[in-house]
1. For segment 149-163, does any single residue satisfy the condition of being closer than 20 Å to Met7 by Cβ, of a type in the set (A, V, I, L, M) and in a helix (DSSP H, G or I)?
2. Scan segment 41-76 residue by residue and report those that are more than 9 Å from the ligand (Cβ to nearest atom) and hydrophobic (A, V, I, L, M, F, W, C).
3. Looking only at segment 110-119, how many residues end up being outside any loop (DSSP other than H, G, I, E, B), among the hydrophobic types (A, V, I, L, M, F, W, C) and touching a Pro at 6+ places or on another chain (Cβ under 9 Å)?
4. Going by the structure shown, is Phe87 within 13 Å of the ligand (Cβ to nearest atom) and touching a residue at least 60 places away in the same chain (Cβ under 8 Å)?
5. In segment 44-70, how many are over 18 Å from Asn90 (Cβ atoms) and touching a helix residue (DSSP H, G or I) at 6+ places or on another chain (Cβ under 9 Å)?
6. Which count do you get for residues in segment 60-111 that are of a type in the set (Gly, Ala, Ser) and under 26 Å from Leu200 (Cα atoms)?
7. Among Arg205, Arg183, Arg124, which is the only one that is among the basic types (Lys, Arg) and part of a strand (DSSP E or B)?
8. Can you run down the residue pairs with Cβ atoms below 8 Å, 6 or more apart or on separate chains, where the first is in segment 44-57 and within 26 Å of Ala163 (Cα to Cα) and touching a residue at least 12 places away in the same chain (Cβ under 8 Å) and the partner is of a type in the set (Asp, Glu) and not in a helix (DSSP H, G or I)?
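What follows draws every value from the coordinates through simple rules; no lab data is involved. All values derive from a computational prediction rather than experimental measurement. In this analysis, Cβ positions are derived from the backbone assuming ideal geometry, glycine residues included, and neighbour counts consider all displayed protein chains.
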Amino acid sequence: MRKYVVMGPQGSGKGTQAKLLREGTEIVHISVGDILRWNIQSHTKLGAAIARTVAEGHLVSDDVIESVVKTRLDQHDWNFGFVIDGFPRNERQALFFLESYDITAVLEIDVPDHVVTERILARRLCSECGLDYNLIHSRPAVPDRCDVCGGVLKPREDDEPDAIARRLQEYRERNQPILELFRKKGLVLRFDGELPIDTLQAEIRSQLGLPGRVPAG
Ligand code: AMP
């Protein structure tokens with residue numbers, strides 16, 4: 001059973017790499033942020049309790065997160081394994097995870113701050129339908145207009161240099177102790193997040209001993 005954790009700052013491409021790992025492997029991708037957003041959009045009891053915290057960009061309480069993770073993993077739809085993304089976010093969550101599940105490896109996607117900043121500053125969101133764009137690798141056909149609905153593309157409000165710098169610093173401060181903990185257990189594999197998406201995915205698979213992706217078509 002493969003049990004992976006993927007870690008990296010916002011804009012490191014960790015979600016993209018985690019999703020690609022599913023192809024041809026039956027590894028299940030678990031994004032804690034997606035589960036929380038689903039609860040908020042579906043107006044569940046949990047969603048109502050956490051909506052404000054998530055909207056303000058604060059961390060949801062450890063008790064709630066641990067229960068969300070446990071409930072998700074208790075579904076046992078991951079016969080081959082899983083890769084979890086967005087968790088752990090602090091030492092307590094890391095210790096809970098280490099005690100409850102024997103982790104196979106932690107994938108650290110390493111990208112210098114200036115590269116992550118460039119990537120985040122290139123993000124655009126359609127003001128009408130909410131579709132995501134990135135001026136580096138998924139440009140719209142007509143500048144500043146959504147390909148699907150023609151809406152105006154705008155940066156997200158919190159995607160401005162000062163806020164990005166603050167989030168990156170917060171990420172580093174919070175994650176260094178977690179990575180240290182995992183490193184002491186010999187679990188951390190470090191990857192160069194500046195590699196092109198496909199090259200990085202191939203590198204990850206090679207180091208994890210997973211089969212390569214079969215090209216589409
Ligand atoms: P993400 O999509 O991973 O950036 O998560 C979106 C939001 O969900 C975060 O800003 C937090 O409010 C909350 N969240 C996600 N994962 C966690 C976690 N492991 N611990 C606490 N809060 C979390």
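1. No, segment 149-163 contains no residue that is closer than 20 Å to Met7 by Cβ, of a type in the set (A, V, I, L, M) and in a helix (DSSP H, G or I).
2. Correct list: Leu46, Ala48, Ala49, Ala51, Leu73.
3. Going through segment 110-119 one residue at a time, the tally reaches 1.
4. Yes; evaluated as a whole, the condition is true for this residue.
5. Result for segment 44-70: 8.
6. The qualifying residues number 4.
7. Being among the basic types (Lys, Arg) and part of a strand (DSSP E or B) holds for just one of Arg205, Arg183, Arg124, which is Arg124.
8. Pairs that qualify, where the first residue is within 26 Å of Ala163 (Cα to Cα) and touching a residue at least 12 places away in the same chain (Cβ under 8 Å) and the partner is of a type in the set (Asp, Glu) and not in a helix (DSSP H, G or I), are Gly57/Asp158.
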